[in-house]
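Q: Dropping a structure here in C-alpha cells format, bear with me for questions.
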Amino acid sequence: MASSFPQFIFLLLTSIAIIVLLTVKYKVHAFFALSIACAVMGLGIGLPADAVINTMKQGFGHIMQSLGFIIVFGTVLGVILEHTGCTNAMASSILKKTGEKKSALAMNITGFLVGLPIFCDSGYIVLSGLNNQLAQRSKLPMPFMATALAAGLYAVHCLIPPHPGAAAAAGTLNVALGKLIIWGIVVAVPATITGYAWAKYASKKIVVENIPVVSKDTEYAIKPTAVQAFLPVIAPIILIACGAFATMENNQHLLWKILSVAGNPVIALFIGILLTIPVLYKCSKNQVSRMLQDGAEKAGGILVIIGAGGAFGAILNATNIGNHLGDNLPLEKIGIFFPFLLASLLKTAQGSSTVAIITAASIVQPLLPALELNTASGSLLAVLSMGAGSMMISHANDAYFWVISKFSGVEMKTMLRVYSVATVWMGLSSIIFIYLLSLLIG
C-alpha cells in the first residue's frame, strides 16, 4: 500500500473535491458524498475492496457508539422547546430585561441561549417572527436585527455539542464532551459579541427595510413560564459542567459520584427532556408523540452524516495520512492554525459547517502528533479551532444564509455586506481567542 506523496495529495484533494462537488453542485446528500469519497480514497491508495468496507464500518460504528444517544436526545430536546413555545418565552423574558431600545442585543443573547439545544436554522425560523416585530417597533435596520440574532445562534452551533459538527469532531479526536461544552461556551461568547458589534457598525447607514411578519406569539397555544422555558436548557449545561469537575476531582464521595453520573452528557440531556414534562403535560398525546417522532427522525438524518464522516476518517487513518503530511509539511510551525484553515476552506467551498468540521476532523486526527496537539488539551484546542474555521465564510452556498435572508426580507447584497462579513470577523476573533487560550492551557 506504499504510495508517493504527490499521489496521496492528489487522492486527498480529489476526495475533498468529490464531497464539495456532489453536495454543492448536484445536491447529493452528504452521507452518499462522504461514502463515495471513502471508496475513492481507499481504493486509490491501494486498500483491497473488503478492507475499505470493513474500515468504513468500523469508523461508522465508532461514531455511533460515541454520539448516537447524545445527538438523538439533543435533537429531541430542541424540537420540544421549539414546538411548545419555550424559545419565544425565553426571548420575551430577556426582552423584558433589556427593553425595546436594546432589542437587537436581546435577540443576540436569546440566539445564544436558544442555540444551545436547537440548530441555528430552526432557531432562526422560530424566532424570526418576534425578531421582525421588534425591528418594526424599535425602527432598527433589519440587517442589524437579523445578523444580531443569527450570530448568537451561529456561534453556538459551530462550537458546542450536542450540535453535530462539534460533537462529531470530539468523538473523532477523543475529546471529553463536558470540557468541550465548557470551553466552547467560553469561546462562543466573544464570537457572538463580535458578530453583534459588526452588525451594529455595518448597519448604521442602511435604511430600514420592509420587514415581513412571519409569526406571532399567539401561534403557540401553550404559554410556558420563563422558568419552564429556561430550565431544560440551563440544567443540562450545569450538570455537564459539574460532571466534568467531578471527573477531574476523582473523589469517591457519594455526591461526586452522583454528579459524575448526572453530568454524563447522555444523562444530562435526558434530564433536560424530563424537565419539559410540565410543558408537555399541557399537550395532547398526539402532539407529544409527533414531537418525539420529529426529533428522532431529524436526529436520524444527522447521524448518518456524522457516521459517514467517521467512516471517512477511518479510511484516512488507514492511509497513514499523518506520516504523509507530517514528513512533507512543516506542520509543527502551523499548529493550532492548521485545523482552522482547513475547516475554513471546506466551509467556504461547500457551505455546511457540519460537513466542514466532520471532514476536517477526519484529516486532522492522524496529524495531531505532527501538529504538536497530541495531548488532551491539544485535541480540545484542535476541535475549537475547527469550530472557529467552520464559521467562515457563510455565503450563498450556505442554507443558513438563505434562511436568514428569506425570513428577514434582507436582499442578498446586504446579506453579504453585513452577515457574511460578520461570520469572517467571528471566525477570526475566535481563532485569536483560541490561540491565546492555547498559551494558557496548551
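The values are calculated or read from the model by the stated rules, or taken from the named source; none is laboratory data. The shown structure was predicted, so the numbers you read here are calculated from the model rather than taken from an experiment. Cβ sites come from the backbone with ideal geometry, for glycine too, and all protein chains shown count toward neighbours.
Q: Considering only residues that are out of contact with any Gly (no Cβ under 9 Å at 6 or more places or on another chain), outside any helix (DSSP H, G or I) and β-branched (Val, Ile, Thr), which ones fall in segment 380-422?
A: Answer for segment 380-422, where residues must be out of contact with any Gly (no Cβ under 9 Å at 6 or more places or on another chain), outside any helix (DSSP H, G or I) and β-branched (Val, Ile, Thr): just VAL410.
Q: I'm checking my understanding of the structure. Among residues of segment 1-60 that are β-branched (Val, Ile, Thr) and farther than 24 Å from LYS347 by Cβ, which one is surrounded by the fewest Cβ atoms within 10 Å (Cβ to Cβ)? Before the answer, list the steps.
A: To start, the set of residues in segment 1-60 that are β-branched (Val, Ile, Thr) comprises 9, 14, 16, 18-20, 23-24, 28, 36, 40, 45, 52-53, 55.
When the remaining residues are screened for being farther than 24 Å from LYS347 by Cβ, the result is 45, 52-53, 55.
Numbers: ILE45: 22, VAL52: 21, ILE53: 15, THR55: 21.
Only one residue fits best here, namely ILE53.
Q: One residue is enough: does segment 76-99 have a residue meeting the conditions surrounded by 17 or more Cβ atoms within 10 Å (Cβ to Cβ), free of Cβ contacts under 8 Å to residues at least 40 places away in the same chain and over 28 Å from GLY178 (Cα atoms)?
A: Yes.
Q: With the condition kept exactly as written, say whether any residue in segment 114-132 is among the polar types (S, T, N, Q), in contact (Cβ under 8 Å) with a residue 24 or more places away in the chain and over 19 Å from TRP402 (Cα atoms).
A: no
Q: Identify, by number, the condition in (1) in contact (Cβ under 8 Å) with a residue 24 or more places away in the chain; (2) on the phi < 0 side of the Ramachandran plot that GLY335 doesn't meet.
A: (2)
Every residue, every condition in (1) crowded, with 21+ Cβ neighbours inside 10 Å; (2) touching a strand residue (DSSP E or B) at 6+ places or on another chain (Cβ under 9 Å); (3) part of a helix (DSSP H, G or I); (4) basic (Lys, Arg), yes or no:
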site: LYS282; (1), (2), (3), (4): no, no, no, yes
site: VAL288; (1), (2), (3), (4): no, no, yes, no
site: ASP294; (1), (2), (3), (4): no, no, yes, no
site: ILE302; (1), (2), (3), (4): yes, no, yes, no
site: ALA308; (1), (2), (3), (4): yes, no, yes, no
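Q: Another question, if that's okay. Test PRO265 against the criterion of being at pLDDT 85 or above, surrounded by 19 or more Cβ atoms within 10 Å (Cβ to Cβ) and not basic (Lys, Arg), and give yes or no. Spell out the reasoning first.
A: Details: at pLDDT 85 or above: no; surrounded by 19 or more Cβ atoms within 10 Å (Cβ to Cβ): yes; not basic (Lys, Arg): yes.
Judged against the criteria, PRO265 is not a match.
Q: If we only count helices (runs of 4 or more DSSP H) wholly inside segment 1-111, which ones have 2 or more residues that are within 30 Å of SER289 (Cα to Cα) and polar (S, T, N, Q)? Quick ask: steps written out before the conclusion?
A: Working: elements: 5-20, 30-45, 49-83, 86-98.
In segment 1-111, the matching helices (runs of 4 or more DSSP H) lie at 49-83, 86-98.
Q: If you don't mind, there's one more thing I want to ask. Working only within segment 162-189, note down all residues that are more than 11 Å from the chain's Cα centre (by Cα) and part of a loop (DSSP other than H, G, I, E, B).
A: ASN174, VAL175, ALA176
Q: Enumerate the pairs (first residue in segment 232-258 and assigned to a helix (DSSP H, G or I); second residue anywhere and modelled with pLDDT of 70 or more and exposed (fewer than 14 other Cβ atoms within 10 Å of the Cβ)) with beta-carbon separation below 8 Å, excluding pairs fewer than 6 apart on the same chain, so at least 6 apart or on different chains.
A: GLY243/VAL261; ALA246/LYS257
To keep it simple, each residue is scored yes or no on (1) of a type in the set (Val, Ile, Thr); (2) touching a residue at least 40 places away in the same chain (Cβ under 8 Å); (3) over 19 Å from ILE160 (Cβ atoms); (4) crowded, with 24+ Cβ neighbours inside 10 Å.
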site	(1), (2), (3), (4)
ALA356	no, yes, no, yes
LEU380	no, yes, no, yes
ALA388	no, yes, no, yes
SER394	no, yes, no, yes
VAL403	yes, yes, yes, no
GLY409	no, yes, yes, no
VAL421	yes, yes, yes, no
VAL424	yes, no, yes, no
PHE433	no, yes, no, no
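Q: Tally up the residues in segment 358-378 that are assigned to a helix (DSSP H, G or I), in contact with a helix residue (DSSP H, G or I) (Cβ under 7 Å, 6 or more places away or on another chain) and surrounded by 20 or more Cβ atoms within 10 Å (Cβ to Cβ), please. Steps first, please.
A: First, pick out the residues of segment 358-378 that are assigned to a helix (DSSP H, G or I): 358-367, 376-378.
Still in the running and in contact with a helix residue (DSSP H, G or I) (Cβ under 7 Å, 6 or more places away or on another chain): 358-367, 377.
Imposing the further condition that a residue be surrounded by 20 or more Cβ atoms within 10 Å (Cβ to Cβ) reduces the set to 358-367.
Of the residues in segment 358-378, 10 are assigned to a helix (DSSP H, G or I), in contact with a helix residue (DSSP H, G or I) (Cβ under 7 Å, 6 or more places away or on another chain) and surrounded by 20 or more Cβ atoms within 10 Å (Cβ to Cβ).
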